[in-house]
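Visitor: Before anything else, here's the structure in question.
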Amino acid sequence: MVQLRHFILLAIIIICSLAACNNAKETGSTQGASLIGKNNLTLASPIMTPEVLWSFGRISEITVSPDNTRVLYGATFYDISANKSNRELFVMDVDGSNQRQLTHTAFGEYNAAWNPSGTKIGFLSTESGTMQLWEMNPDGSGKQQISDVANGINAFKYAPDGKKIVFSADVPKEKPFESLFQNLDKTTGRLMNDLMYRHWDHWVDSYSHLFIADFDGKTLSNITDILEGEPYSSPVEPFGGMEQVAWSPDATKLAYTCRKLTGKAYSLSTNTDIYEYDLVSKTTVNLTDGMPGYDQNPVYSPDGVLMAWESMARDGYEADKNRLFILNRQTGEKKDYSATFDQDATQLAFSDDSKSVYFISCRHATEELYHLIIEEETITKLTEGVHDYTSFALAGDRIIATKMSMSKPVEIYSVDPLTGTDTELSFENKHLLDQLTFGEVTQRWVKTTDGKDMLVWVILPPNFDPNKKYPALLYCQGGPQSAVSQFWSYRWNFQMMAANDYIVVAPNRRGLPGFGQEWNEQISGDYGGQNMKDYLSAIDAVKKEPWVDEERLGAVGASYGGFSVFWLAGHHDNRFKAFIAHDGMFNLEAQYLETEENWFTNWDLGGAFWDTNNTVAQRSYANSPHKSVQKWNTPILVIHSELDYRIVASQGMSAFNAAILRDIPAQYLYFPNENHWVLHPQNGVLWQRVFYDWLDRWLK
């Protein structure tokens, strides 16, 4: 459905940064500065509202100073009335003391990092008109612009010796038919002769290249494009950042992630490799040649002997197991250290002594910290709880990490790696959280139709009364292989749903990670199959509770969840009284030709709809929701956005039109300036208002 299965946490965590970056050039709000990082809003009620949800500060990008004494991070704040965001930088000691705001601007600051000596903080800002690299002292003083790159830069990373900087910047794509456009400066036409002409939410008019520059502490010089003349992007779109780029400890080599394919070949493949550029010889070597799946996010060991990275085995399958591979750079040996570990391994980090690797992995719908001892080849789970760790950085004898749950947005914690206990450091949203009453998040295991055990989260309304009957919502997850873990979302927020007096039923149905690879990949080629039975098993189990009114059930979801709602609308045997589908696939045959990365539909649907001898593909297309519209009989709200190029807006429009033509009560909420997410504050508030207005109309 979307390239979000293994990126879903990234989407949730950094959605604030994405929105802030999108607004950076136009942002004029200084809300972050005036609030000193804390939203001191006094609430009229302890019950969550859309406006309150958009008032939380959103923490991202933690980095620890080289001497392990200070933590640098960013927080994004939203001004609903101005429909803008602003991001400020903060620093505190690793024990949480001496917290202070470093920036107070209307421009937003991003990609903040300590220089190798810890004497400066580098960051990106649009203060000069385009996104450029700036530096300041650790106390926020002495701010100065470092780069002056035409059209700006996207991201950067210091070399370990501080004498060079690598940054990414856009270079224009070659226009093979440019002669046909001469003297037509007002034409809006585009001419294509291959695929991948647009991606995620933008037309592909440029590539992101990596540039290495000398740095004398004041300016950049001797800038080299290491992908010069190559029609490829690094970092890899649409979600890649500088985690896909790594300096060797001696600063003589640069490892980067790239998919060196174009057009149709790019659209049909996930074969992303790790390349190593030698700054002395100016030559490049493919370190993962012959490994056909995703290989990305390289990390050098501090002693320079090893390199770790995240690797998937199969080409065209984005939800393959994310393996922990390590290359011995002296012997050339490559080894999968997670071969007997039936879970993903993400966000790898070497210990200071190069003898172990820390990482994050999902198990039973929570994201926890893990530890690999390389020589012993043993993996240990460090933390346990009802939460998701979303990022981390090593800081001497402790781990500084960000953590969230269904009842709390991201905050910063200090984790003891020996005991797994954590201590909150940031308290960014404590003032708001102290005023709100949230519902209880409960966990239960439900038997599926084939006798398996399925974990289901059940979220109860605030001030829950067991003697009262509540309407209930079945939450259908997207991805389709994205965990229903302990995430805090600014759109699909379970506490927001519960605050409107709904029971929320959120199953970890077939096709979700955290329960072994067999469970995760069962869904491929089985759209409309066992996972739909799992949905119904979950709602059927919970509706038996005396506090659920089985005559007031709804089903809601986005992306694959939107597809699920469209499919359930034709197969629910009158269980549900209302549906909401956001960015869902309605016509699978059209989806095969409309989406931009066809490796996804080839793998998940089994192939092209015209391949009549392909039984898997034919079963998939036979289960397309549009083929069951004749059985629709339930009110439905459809939401879609024009800039969603993964599942285009005509999918939602077609579903809405079908409902209206069949005299089924329906509404269509359309956003011309949003993509697969909703990133603008007022659109986000409107989304929530329409969402609950629709549910309240049919379920209360």
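The values are calculated or read from the model by the stated rules, or taken from the named source; none is laboratory data. Note that the structure is predicted; figures quoted are calculated from it, not measured. Counting neighbours? That spans all protein chains shown, and the Cβs are built from the backbone with ideal geometry, glycine included. Protein only, heavy atoms only, side chains kept; ligands, DNA and RNA dropped before computing areas. Shrake-Rupley method; radii C 1.70, N 1.55, O 1.52, S 1.80 Å.
Visitor: How large a share of the accessible area of the chain, in percent, is made up of carbon and sulfur atoms when the probe is 1.4 Å and the other protein chains stay in place? Show your work: numbers first, answer last.
Guide: Values: 12830 of 25960 Å².
That share works out to 49 percent.
Visitor: Right, another one. At 1.4 Å probe size, what's the solvent-accessible area of T612? Round to the nearest 10 Å².
Guide: 110
Visitor: Average the reciprocal distances over every distinct pair of alpha-carbons in region 99-207, invert the result, and give the Kirkwood radius in Å.
Guide: 16.8 Å is the Kirkwood radius here.
Visitor: Which stretch or stretches of region 192-227 have amide N atoms under 17 Å from the point lying 7 Å from A265's Cα along the Cα→Cβ direction?
Guide: Taking a point 7 Å out along Cα→Cβ of A265, the residues of region 192-227 whose backbone N falls under 17 Å are 193-197.
Visitor: Further question: Which distance in nm do the two modelled labels at F177 and A622 give, with both placed 7 Å along the Cα-to-Cβ direction?
Guide: The answer from the label model is 4.0 nm.
Visitor: Tell me, what are the semi-axes, in whole angstrom and largest first, of the equivalent ellipsoid of region 392-495 as set by the roots of 5 times the Cα gyration tensor eigenvalues? Don't skip to the end; give the middle numbers.
Guide: Details: eigenvalues 173, 83, 35 Å².
Working through the eigenvalues yields semi-axes of 29, 20, 13 Å.
Visitor: Then there is this: How many Å² of accessible area per residue for the chain, probe 1.4 Å? The partial results should precede the final answer.
Guide: Values: 25960 Å² over 700 residues.
On a per-residue basis, the chain sits at 37 Å².
Visitor: Okay, next question. Enter the Cα centre distance for the pair region 416-495 and region 119-197, rounded to the nearest angstrom.
Guide: Between the Cα centres of region 416-495 and region 119-197 lies a distance of 39 Å.
Visitor: Based only on the alpha carbon positions, what is the Kirkwood hydrodynamic radius of region 436-585, in angstrom?
Guide: Details: mean 1/r = 0.0656 Å⁻¹.
Taking every pair of different Cα atoms in region 436-585, averaging 1/r and inverting gives 15.2 Å.
Visitor: Still on this structure, please answer the following. So the label point goes 7 Å from the Cα of L43 along Cα→C-beta, right? Which residues of region 467-505 then have their backbone N under 17 Å from it?
Guide: Residues 488-502 fall inside that zone.
Visitor: Over the alpha-carbon set of the chain, work out the extent along each principal axis and list the three values in angstrom, largest first.
Guide: Ordered largest first, the chain gives principal extents of 69, 59, 59 Å.
Visitor: What ³J(HN,Hα) values, in whole Hz, does the Karplus curve 6.51 cos²θ - 1.76 cosθ + 1.60 give for region 415-432 when θ = phi - 60°, with x put for Gly and Pro?
Guide: Rounded to whole hertz, the list is 10, 7, x, 7, 10, x, 6, 10, 10, 5, 10, 8, 6, 4, 10, 4, 4, 6.
Visitor: Hey, another quick one. Could you sort the peptides 80-91, 390-401 by per-residue average Cβ neighbour count (10 Å cutoff), highest mean leading? It would help to have the intermediate numbers written out before the result.
Guide: Details: 80-91: 21.8, 390-401: 20.2.
Going from most to least packed, we get 80-91, 390-401.
Visitor: For C258, tell me the accessible area in Å² from a 1.4 Å probe, rounded to the nearest 10.
Guide: Solvent-accessible area, nearest 10 Å²: 0 Å².
Visitor: Can you return the lysines within cross-link range of K253? Criterion is Cα-Cα under 29 Å, with same-chain partners fewer than 8 residues away left out.
Guide: K120, K157, K163, K164, K173, K218, K282, K321, K334, K335, K355
Visitor: Taking the convex hull of the alpha carbon atoms in region 550-680, what volume per residue do you get, in Å³?
Guide: Convex hull of Cα atoms, per residue: 107 Å³.
Visitor: Report the calculated FRET efficiency for D352 and T421 (r = Cβ-Cβ distance, R0 = 25 Å), to the nearest 0.05.
Guide: Details: r = 21 Å, r/R0 = 0.85.
According to the calculation, E is roughly 0.70.
Visitor: Also, I was wondering about something else. Which lysines, on any chain, are close to K469 with Cα under 27 Å apart, when same-chain ones fewer than 8 places away are left out?
Guide: In chain and number order, the partners are K408, K447, K533, K543, K544, K577, K700.
Visitor: Relative to the present Cα-Cα distance, how much length would full extension add between R662 and A608 at 0.36 nm per residue of separation? Please report the intermediate quantities before stating the final value.
Guide: Values: separation 54, 0.36 × 54 = 19.44 nm, distance 2.93 nm.
This chain segment gains 16.5 nm when fully extended.
Visitor: Just to verify a number: what accessible area does T103 come out at with the full protein assembly present, 1.4 Å probe, Å² rounded to tens?
Guide: 10
Visitor: Would you mind calculating the relative contact order of the chain from Cα pairs under 8 angstrom and at least 6 residues apart, reporting the percent as a whole number? Present the calculation step by step, with values, prior to reporting the outcome.
Guide: Details: 1718 pairs, mean separation 77.5, N = 700.
Averaging sequence separation for qualifying contacts and normalising by length gives 11 percent for the chain.
Visitor: Ok, one more. Write down the Å³ per residue value for the convex hull defined by the alpha carbon atoms of region 494-558. Don't skip to the end; give the middle numbers.
Guide: Numbers: hull volume 7.0 nm³, N = 65.
Convex hull of Cα atoms, per residue: 107 Å³.
Visitor: Which order do you get for F123, F609 if you rank them by accessible area with a 1.4 Å probe, largest at the top? Numbers along the way, then the final one.
Guide: Working: F123 0, F609 55 Å².
In descending accessible area the options line up as F609, F123.
Visitor: Take I379, I121 and sort them by solvent-accessible surface of the protein heavy atoms, 1.4 Å probe, largest at the top.
Guide: Details: I379 50, I121 0 Å².
Order by accessible area, largest first: I379, I121.
Visitor: With a Cα-only, solvent-free Debye model of region 651-700, what are the log10 I(q)/I(0) values at q = 0.16 Å⁻¹?
Guide: Results for region 651-700 at q = 0.16 Å⁻¹ read -0.57.
Visitor: Hey, another quick one. Taking the convex hull of the alpha carbon atoms in region 449-501, what volume per residue do you get, in Å³? The partial results should precede the final answer.
Guide: Working: hull volume 6.7 nm³, N = 53.
Hull volume normalised by residue count: 126 Å³.
Visitor: Calculated FRET efficiency, E550 and D434, Cβ-Cβ r, R0 45 Å, to nearest 0.05?
Guide: 0.80
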